[in-house]
Amino acid sequence: MSKQHYRTYIYIIAILSALPFFPPVLYAQIDFSMPSEKTDGSITINPRDPQPGQRVTAEFTSFSFDRFRAYYTWIINGKQVKTGTGANTVEFEMGSLGTITNIQVTIKSLEGNTTQVQHTLAAHDIDMAWSAETYTPPGYRGKALPTVGSLLNISAIPHVFIENSRANPATLYYQWSVNDKPQKSGSGIDKQTLSVSLASVYSNSLRVALTVSNPTGTISYQKHIEIPMHKSRIQFYELDPLRGPMYQNAFQNAANISSGTETVFLAEPYYYSLFSLARTIPVWSINSNVIDPGNKPFQLAYRSQQGQQTTQSVSLKIQTPQSPLETTQQSFHVYVK
């Protein structure tokens with residue numbers, strides 16, 4: 001080492017030696033923390049997409065502090081509705097269709113940190129209706145019900161609001177699903193109607209869900225309906241030559257007729273697929289013997305001899321060759337006196 005370098009080294013050592021000594025533990029004792037106004041947490045809504053007038057629960061969640069020992073102040077639409085330690089939930093009622101609900105919660109943790117979170121809810125709704133393309137007799141006052149092999153149509157009328165104005169349904173995006181299976185071909189802009197083929201349905205009901213959103217995805221609302229599945233059935237009536245079908249007197253398990261008369265039995269295949277009905281093969285039988293009904297496959301002319309007294313079993317089986325699941329069979333007894 002040169003003499004010049006040696007003198008510089010000695011000079012640096014002398015300066016460092018003159019500095020005061022601070023034990024490291026003093027630095028560890030210094031606390032630089034202070035209350036913060038940074039937002040930390042979120043508000044979850046249950047149910048997620050509430051309907052107008054529905055009771056709703058809002059819950060504050062956070063994993064950065066003990067939210068059950070913090071102090072809460074809840075404000076709904078500018079009005080303080082709840083305060084207290086551990087009060088991380090609040091209940092309220094949604095307003096009428098199209099109204100806005102503003103939720104604000106201020107949280108003060110045990111450490112003195114303050115957090116404020118806001119959430120806005122709009123009272124949207126979707127009207128959903130369905131119709132099944134199944135058979136019902138003329139004048140039937142009930143609703144055609146969905147069965148295996150039939151076609152089910154679901155339509156939606158959304159009431160979605162953007163900036164306090166109802167959105168044009170034709171401009172919205174419709175995302176359909178049936179039993180949690182997305183219906184990609186039936187989804188899209190202005191797809192307010194969904195047609196579902198029930199060729200192979202093994203569940204007792206259908207869960208049809210619809211999510212409606214604006215093109216940018218900033219507004220989204222979901223709703224679902226449960227549609228029960230049914231079985232097609234055959235109901236027998238007498239076809240009076242003058243008054244027509246005697247729909248007010250259906251044969252439940254038996255029909256009483258007088259000997260020496262002719263009675264025309266009419267079979268009505270309730271809730272059978274309209275598409276399949278034209279391709280069905282009705283098979284009538286009396287005491288297990290197949291009977292040809294003629295050119296009217298859903299009518300059977302039953303003739304009895306004068307003085308005859310007997311009991312016979314009349315049966316009808318309706319089946320679609322292309323769809324084995326679409327098979328319906330029903331029978332009743334005929335008492336001739």
From zero up to wherever the largest Cα-Cα distance of region 233-336 sits, split into 5 Å bins and tell me the percent of pairs in each. 2, 12, 23, 25, 20, 11, 5, 2, 1
Filtered hits (aspartates and glutamates, Cα-Cα < 14 Å from Lys108, offset >= 8 within chain) -> Glu37, Asp40, Asp66
Taking the Cα centre of each part, how many Å lie between region 120-199 and region 315-337? 33 Å
With unit charges on the beta carbon (Lys/Arg positive, Asp/Glu negative), name the residue among Trp284, Thr320, Tyr272 whose Cα is farthest towards the positive pole of the charge dipole of region 233-336. Thr320
Expressed in angstrom, Rg and Dmax over the Cα atoms of region 36-172 are 21.9, 75
For region 42-122, count the residues as N, evaluate 2.2 N^0.38 Å, and divide the Cα radius of gyration by that value, please. 1.09
Alpha carbon convex hull of the chain, volume per residue in cubic angstrom: 320 Å³
A correct Stokes-Einstein calculation for region 125-228, using the alpha-carbon Kirkwood radius, 4 °C and 1.567 mPa s, returns a whole-number D in µm² s⁻¹ of 88 µm²/s
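Charges at C-beta only: +1 for Lys and Arg, -1 for Asp and Glu. How large is the resulting dipole of the chain about its Cα centre, in Debye rounded to 20?
With only Lys, Arg, Asp and Glu charged at Cβ, the dipole is about 360 debye.
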Once you've got the Cα coordinates, tell me which of Lys143/Lys337; Lys296/Lys337; Lys231/Lys337; Lys191/Lys317 are over 29 Å apart. Lys143/Lys337; Lys231/Lys337; Lys191/Lys317
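Charges only on Cβ, +1 for Lys and Arg, -1 for Asp and Glu: so what's the dipole of region 233-336 about the Cα centre, in debye to the nearest 20?
So the magnitude is around 100 debye.
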Can you give the Kirkwood hydrodynamic radius for region 111-160, in Å, rounded to one decimal and based on Cα pairs? 15.4 Å
Could you pull out the longest piece of the chain with no exposed loop chymotrypsin sites (Phe, Trp or Tyr not before Pro) in it, calling a site exposed if DSSP puts it outside H, G, I, E, B and it has at most 13 other Cβ atoms within 10 Å? 203-337
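Every number in this text was worked out from the coordinates using simple rules, so none of it is lab data. On a predicted model such as this, the values are computed, not experimentally measured, just so you know. Note: ideal-geometry Cβ built from the backbone for every residue, glycine included; neighbour counts use all protein chains shown.
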